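The values are calculated or read from the model by the stated rules, or taken from the named source; none is laboratory data. Just so you know, these numbers come straight off a predicted model, no measurement behind them. Ideal geometry is used to build each Cβ from the backbone, glycine not excepted, and the neighbour counts take in all protein chains shown.
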Amino acid sequence: MVKNPAPAWQAAPEITFPAPVGPPAGLEVIPLAALRARCRTRGIDPGAPQRPTVHQLLTVTSGTLRRTVDFTTHEVEPGGWLWTRPGQVLQWEDVTGAEGVLIAFAADFPDPATADAARLDDPHARVLRVPRPEDSASLRVAAAHLEHEFLAPGRLPDDAHLAVLRHLLDVLILRLAHLDGPASPVPGPSETFLRFRETVERDFAHTRRVDDYALALGYSARTLSRAALDSAGVGAKEFIDRRVVLEAKRLLAHTELAAAHIAAQLGFSSATNFAKYFHQRAGQAPIAFRTTVRHRGGGVPAPRREDDFTRRSVRPSDR
């Protein structure tokens, strides 16, 4: 795997899982019991905010586990799955009350066709997945087979072992991505909204004006607002603002960046304007939010070394 510098927002130590001899870079599988032991040995607080650069699949086999993803707490019960994406801020509520497995993989580890079919690059994908009984057994078998091959590679040559791990992960993520099946009764978002959402994801640090998105996409501002309301339940301006506030929260929770630096990174002309904007939408001043979320997690992240996943930097403007 090509190794790149870490994103600029990487500031706290991740819980890393060195693979045993044999498995390649880009995939790691660790039981929760081993995760707890790793945290104790290395003095890592699992409750501190983290922002991994990899996908994480978490399944629980016994007990109940609570994990916060982008400041929303999810409860995972036996048979349930939590799929978090690169760039989301994660906090463990309690790692002692459940057993299960955590699977971490880089976005470029699965087969490209699988990545497309599973929509790995969708930052809005559902986080918590509760399979129906008829799907649970297949997922359980797929996860167990992947864990076995990862932890006990056997006598396969390295290239064959790599292919086996990739295929097994492909099976697992394809099953998770299509739990609802092709005939889901829930209508999907409109094409207009999908185009708008994708553009917001790309440009939210450059502009917060609905008119700018309408001009870029060839729609009227009213059309975008109607599409956002129908698909997301909020108007276009509110959708943009929520994305900006989410990124601000991520940076405040996970980095040591000053509010003025975050303001510039998100396209605000001054720290004062950013603080006012954030307070109106989050109900707290930026630094008060940072203190609250870190106290909840039980720790303050310390500076971390750079890792080998993709750097993503955004140069904002004043709009």
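Residues in region 276-296 that are in contact (Cβ under 8 Å) with a residue 60 or more places away in the chain and closer than 15 Å to L251 by Cα: V293, R294. In region 76-87, of all residues being free of Cβ contacts under 8 Å to residues at least 60 places away in the same chain and buried (at least 19 other Cβ atoms within 10 Å of the Cβ), the one that is farthest from R132 (Cα to Cα) corresponds to R85.
Exactly one residue out of T61, T73, T53 is in contact (Cβ under 8 Å) with a residue 12 or more places away in the chain, in contact with a Ser or Thr (Cβ under 7 Å, 6 or more places away or on another chain) and of a type in the set (S, T, Y): that is T53.
Take the conditions (1) among the β-branched types (V, I, T); (2) closer than 22 Å to V29 by Cα; (3) part of a helix (DSSP H, G or I); I103 misses just one of them, which is (3). Might you check whether a residue that is under 27 Å from V245 (Cβ atoms), at pLDDT 95 or above and of a type in the set (S, T, Y) occurs anywhere in region 102-124? No, the conditions are met nowhere in region 102-124. Against the conditions (1) surrounded by fewer than 21 Cβ atoms within 10 Å (Cβ to Cβ); (2) of a type in the set (V, I, T); (3) touching a strand residue (DSSP E or B) at 6+ places or on another chain (Cβ under 9 Å), I103 satisfies every one except (1). Against the test of being modelled with pLDDT under 90 and of a type in the set (S, T, Y), the options T53, T16 yield a single qualifying residue, T16. Contact map, region 218-244: first residue assigned by TED's automatic domain parsing to the domain that holds R195 and under 18 Å from R281 (Cβ atoms), second residue crowded, with 19+ Cβ neighbours inside 10 Å and polar (S, T, N, Q), Cβ cut-off under 6 Å, separation 6 or more or different chains; pairs are G235/S225; A236/S225.
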